[in-house]
1. Starting from the stretch 135-154, keep only residues that are farther than 13 Å from H166 by Cα and within 11 Å of the ligand (Cβ to nearest atom), then list their pairs with residues that are in a strand (DSSP E or B) and open to solvent by 10 Å² or more (accessible area, probe 1.4 Å) whose Cβ atoms are within a distance under 6 Å, requiring at least 6 positions of separation or different chains.
2. Return the residues of the stretch 272-317 that are of a type outside the set (A, V, I, L, M) and in contact with a Lys or Arg (Cβ under 7 Å, 6 or more places away or on another chain); say none if nothing qualifies.
3. If you check every pair at least six apart or on different chains, which have Cβ atoms under 7 Å apart with a residue in the stretch 343-360 that is closer than 16 Å to V153 by Cβ first and a residue that is of a type in the set (D, E) and assigned to a helix (DSSP H, G or I) second?
4. Output yes when any residue across the stretch 105-120 is surrounded by 17 or more Cβ atoms within 10 Å (Cβ to Cβ) and either closer than 21 Å to P199 by Cα or free of Cβ contacts under 8 Å to residues at least 24 places away in the same chain (or both), and no when none is.
5. Taking the condition surrounded by 24 or more Cβ atoms within 10 Å (Cβ to Cβ), in contact (Cβ under 8 Å) with a residue 60 or more places away in the chain and among the basic types (K, R), does K201 pass?
6. Out of the residues in the stretch 1-39 meeting the condition of being of a type in the set (A, V, I, L, M, F, W, C) and assigned to a loop (DSSP other than H, G, I, E, B), tell me which one is farthest from P206 (Cα to Cα).
7. So, in the stretch 177-203, exactly how many residues are over 20 Å from V24 (Cβ atoms) and either within 14 Å of the ligand (Cβ to nearest atom) or outside any loop (DSSP other than H, G, I, E, B) (or both)?
8. Condition (residue is over 16 Å from the mean Cα position of the chain (by Cα) and among the charged types (D, E, K, R)) applied to the stretch 15-25: is it met by at least one residue?
Amino acid sequence: MDRPEVDELTPPDRTLMGPGPSDVHPRVLRAMSTPLVGHLDPAFVEIMDETQELLRYAFRTDNQWTIPVSGTGSASMEAAIGNLVEPGETMLVPTNGYFGGRMADMARRAGGEVVEVDAPWGEPLDPADVKNAFDEHQPDVFGFVHAETSTGVRQPSVPELTSIAHDHDAYVIADCVTSLGGVELRVDDWDVDVAYSGPQKCLSCPPGASPLTLNDRAMDKVLGREEPSRSWYLDLSLLEGYWGDERAYHHTAPITNVYALRESLRFVAEEGIEQRWDRHRDVAGALKAGVEAMGLEMNAADEFWLPSLNAVRVPDGVTDGAVIESLLANYDVEIAGGLGDLSGDIFRIGCMGHSARPGNVSFLVSALGETLR
Ligand code: PLP
């Protein structure tokens with residue numbers, strides 16, 4: 001077999017305004033090119049501590065158990081569900097978007113039974129429906145998606161949802177993949193037991209190490225399981241040995257991704273978390289105003305609008321794929337189309353982290369306007 005001849009890597013220089021990843025700041029890329037140390041090096045142990053402290057700040061939590069899980073957002077998602085849901089237990093999941101379906105799949109693979117609370121794609125869950133589902137099914141675990149990337153809907157009334165669950169002695173898992181660092185999220189004040197996220201959305205960090213936080217109540221459940229979680233790699237009782245006080249080997253952490261996450265989270269702390277939520281709302285507000293001024297319609301009602309992911313309805317007679325391709329080919333801008341029930345019906349335009357800048361918004365709005373003309 002001939003030796004392959006492949007050129008040195010020169011990826012295109014895109015503006016990332018899709019559902020993630022978002023643009024990465026050069027400082028984060030520089031952090032990734034700093035020297036590698038070992039995953040048990042005392043210097044890395046200090047970096048782990050700092051990353052955990054920065055993550056607690058971003059999540060608005062004092063949870064001791066706050067770590068980056070090795071892998072993408074689906075890894076922190078599966079760590080949450082696969083450890084919380086024990087065989088034979090019931091998990092209540094939402095049907096109002098793509099990622100509720102993934103929660104259901106993971107809960108079944110963990111040996112759980114799945115029951116659903118319905119809402120149409122493009123709308124949030126109604127607390128009254130959640131309460132009815134609790135009364136009917138008495139689930140052990142309730143999962144919901146705080147920022148549904150497939151529909152551009154923000155779930156309001158989170159404290160109401162968590163109090164329904166706690167009145168029924170259940171545990172709450174919140175999918176915060178598209179909200180952490182971009183949309184108001186208060187894990188402790190809102191009484192969320194477990195929250196997971198991904199780094200490549202509002203934190204503007206390359207994928208690879210994904211935030212997860214659990215309160216003591218949830219961690220007690222995990223540590224008291226009758227049988228171990230079905231995944232060895234994501235077993236939190238084993239990961240505790242590495243991320244807890246002991247700092248003993250479990251697996252080799254993705255060191256460079258932890259560097260990147262630490263640097264991205266330093267940006268969050270420098271800006272201030274609340275100021276960052278405000279920036280996302282203001283910059284995405286300009287994007288929303290721009291597309292509406294063009295005569296386009298948002299998919300979500302204003303009360304549930306998700307600044308980090310703007311779902312814009314594809315106008316009649318327009319093929320979404322052709323617009324998306326043209327933006328990429330002619331303007332080097334990435335946006336995406338709809339998923340599942342909304343496939344072909346919406347454009348998904350992200351406004352996340354370092355991508356959430358006024359210059360990007362004017363550029364995108366004019367490029368989209370030109371393309372649709
Ligand atoms: N949950 C939500 C709401 C997401 O948007 C995503 C990814 O887009 C995930 C989970 C899964 O994350 P990943 O693709 O990083 O595995």
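The values are calculated or read from the model by the stated rules, or taken from the named source; none is laboratory data. Computed from a predicted structure; not experimentally measured. Note that we place each Cβ from the backbone using ideal geometry, even for glycine, and neighbour counts take in every protein chain shown. SASA here: full protein model, heavy atoms, side chains in, ligands and nucleic acids out. Shrake-Rupley method; radii C 1.70, N 1.55, O 1.52, S 1.80 Å.
1. Going by the 6 Å Cβ cut-off, the qualifying pairs are A147/R154.
2. Correct list: E297, N299, F304, W305, P307, S308, N310.
3. Here the result reads F347/D320, each pair linking the stretch 343-360 to a residue that is of a type in the set (D, E) and assigned to a helix (DSSP H, G or I).
4. Looking through the stretch 105-120, at least one residue is surrounded by 17 or more Cβ atoms within 10 Å (Cβ to Cβ) and either closer than 21 Å to P199 by Cα or free of Cβ contacts under 8 Å to residues at least 24 places away in the same chain (or both).
5. Yes, satisfied.
6. Initial filter on the stretch 1-39 (of a type in the set (A, V, I, L, M, F, W, C)): 1, 6, 9, 16-17, 24, 28-29, 31-32, 36-37.
Narrowing further to those that are assigned to a loop (DSSP other than H, G, I, E, B): 1, 6, 9, 17, 24, 36-37.
On the way: M1: 34, V6: 24, L9: 17, M17: 14, V24: 7, L36: 17, V37: 19 Å.
Among those residues, the one meeting the criterion is M1.
7. Going through the stretch 177-203 one residue at a time, the tally reaches 4.
8. No, the stretch 15-25 has no match at all.
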